[in-house]
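Below is one structure, written out as structure tokens, with a few remarks after it.
No lab work stands behind these numbers, since they all come straight from the coordinates. None of these values were measured; they are calculated from a predicted model. As a convention, Cβ positions derive from the backbone with ideal geometry for all residues, glycine included, and neighbour counts pool all protein chains shown.
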């Protein structure tokens, strides 16, 4: 992350965030019901302080594994002329894999 910032690369972060009332419940949260507790103000939904977004970095709120499905991330990257991605995360077999695929 530090290198990306030093190079001036666009940086986007993702958070899993569900509606407070569970209105956006989906197959992901049906399989893992605890996900519905990841609402906007829930501590476990927040980005860890060590990776906190810097001013101007994009935060994608999503409720499925992929950072691209149903989010504005692809358009945000296109607008900035991004052609190559460096993808990292805490759950390689889940959200990282899903976003890359």
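Quick notes on this structure:
- Annotation: for a label point projected 7 angstrom from Cα along Cα→Cβ of residue 5, residues of the stretch 75-101 with backbone N closer than 19 Å are 86-90.
- Order of 5, 15 - criterion: other Cβ atoms within 10 Å of each residue's Cβ, fewest first: 5, 15
- Of the residues 82, 11, 60, the one that moves most in a GNM of the chain with alpha-carbon contacts below 10 Å is 82.
- Residue 52/residue 20 FRET efficiency (R0 30 Å; Cβ-Cβ; nearest 0.05): 0.85
- Under a Gaussian network description of the chain, with springs only between Cα atoms under 10 Å, the residue in 12, 90, 74 that fluctuates furthest is 90.
- Note: relative contact order over the chain, using C-alpha pairs below 8 Å and six or more positions apart, is 28 percent.
- Ranked from largest, the principal axis spans of the Cα set of the stretch 2-100 equal 39, 25, 23 Å.
- The length gained by stretching the chain between residue 61 and residue 75 to full extension, at 0.36 nm per residue less their Cα-Cα distance, is 3.6 nm.
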